[in-house]
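A short reminder: the numbers here are calculations on the coordinates, not readings from a lab. These figures come from a predicted structure and were not determined experimentally. Using ideal geometry, Cβ is built from the backbone for each residue, glycine included, and neighbour counts are taken over all protein chains shown.
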Amino acid sequence: MELLRKYVVMFRQDMRQVMSKRCGQDELNNFLMLVGFVFIVLSMLTHRWIFTLLGAVFVVLSYLRVFSVKIEKRRKENEIYMRYLGGVVRKVHHYKLCVKMKLKTSRDPEFSYFVCSHCGQIIRVPKGKNKVSIRCPRCSETFIRKT
Ligand SMILES: [Zn+2]
């Protein structure tokens, strides 16, 4: 057991060292994986081999980018992607965070959680105060929410 743990630790250190010289995960890869996943789901639903192939292409492409050593090139690709689709990516991210905070609010009996629409800061407000004006501590944006 002890030996196994040692190997796991060694493997992790190796991986970290390898990955530090690689591109790693970025927004463009998230998008490529998502597209690949959508195609694979489509192929399962329609039984068309073309979707399987397309799905595989996107997944392989994203893995090639993750393990790419040409960091500078990959960074530039991601930059271009973010320039055109950055707004959408941020909106999706914001929306996901909002849903997460809604769930957190429903589980917490004392506090409501909100996401600042300007900077994304999470703000905690005591529950049961009805409509309150909330001021973001990070960017000073104010908005009115029901707690
Ligand atoms: Zn803010």
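Below is a table of values for the structure above.
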quantity: Given (1) surrounded by 14 or more Cβ atoms within 10 Å (Cβ to Cβ); (2) without any contact (Cβ under 8 Å) to a residue 40 or more places away in the chain, number of the condition SER68 does not satisfy; calculated: (2)
quantity: Extreme residue, farthest from VAL89 (Cα to Cα), among residues of region 1-57 that are of a type in the set (A, V, I, L, M, F, W, C) and touching a residue at least 40 places away in the same chain (Cβ under 8 Å); calculated: CYS23
quantity: For THR105: the one exception among (1) within 16 Å of the ligand (Cβ to nearest atom); (2) surrounded by 14 or more Cβ atoms within 10 Å (Cβ to Cβ); (3) polar (S, T, N, Q); calculated: (1)
quantity: Qualifying residue in region 86-108 (condition: among the aliphatic types (A, V, I, L, M), more than 30 Å from PRO126 (Cα to Cα) and free of Cβ contacts under 8 Å to residues at least 24 places away in the same chain); calculated: yes
quantity: Region 93-102, residues that are more than 16 Å from the ligand (Cβ to nearest atom) and surrounded by 13 or more Cβ atoms within 10 Å (Cβ to Cβ); calculated: LYS100, LYS102
quantity: Subset of region 116-147 that is more than 19 Å from TYR95 (Cα to Cα), part of a strand (DSSP E or B) and charged (D, E, K, R) - its residue that is nearest to the ligand (Cβ to nearest atom); calculated: ARG135
